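Notes follow the structure.
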Amino acid sequence: AVGTKVGDECCDIEAYFGVVLSEFFASSNCQAAALLPDGAAVRPYLGCDSGVPTYGELCEEEGQPFPWPAGTDLAPFQINATSYEDCGCTVVVQGVGCFKVHDLNEGPFVDYAGPPYYEGGQVFVKLQACA
């Protein structure tokens, strides 16, 4: 289930395709990007909320479609948020470790279930202690 803490081996980016979060979030901690297979965009969050490592997803902007359609100018939605709430996140995991997050075949991403988008696999995020 989304938010479940799992073994660290699930977050081994040498064993699995992975995105290094510190690199992805280098320019802002509430980063809109075209991450979905058809070019549609979502906005995840990475921060230290009250000293606790925090990852948020399904981060929406009031009055905007979710996910943002392909081709949307994302610059206004890439911000440095003060918290996951400030980024508009509706799903949050907190703490140190490896956590299960949404796959491309569940929740709001169900439209991506099956070929050509979803070929299996699960999505995890690894959170390290705040610096």
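The values are calculated or read from the model by the stated rules, or taken from the named source; none is laboratory data. Small disclaimer: the values here were computed from a predicted structure and weren't measured. Here Cβ is always computed from backbone atoms with ideal geometry, including for glycine, and neighbour counts include all displayed protein chains. Side chains included, ligands, DNA and RNA excluded: accessible areas come from the protein's heavy atoms. Shrake-Rupley method; radii C 1.70, N 1.55, O 1.52, S 1.80 Å.
A single member of G18, G7, G51 is in contact with a Cys (Cβ under 9 Å, 6 or more places away or on another chain), at pLDDT below 85, surrounded by fewer than 16 Cβ atoms within 10 Å (Cβ to Cβ) and not acidic (D, E), and it is G18. The set of residues in the range 30-48 being under 11 Å from the mean Cα position of the chain (by Cα) and open to solvent by 30 Å² or more (accessible area, probe 1.4 Å) consists of L35, L46. Looking at the range 54-89, which of the residues that are over 14 Å from the mean Cα position of the chain (by Cα) and hydroxyl-bearing (S, T, Y) is most open to solvent (accessible area, probe 1.4 Å)? Only one residue tops the list, namely T82.
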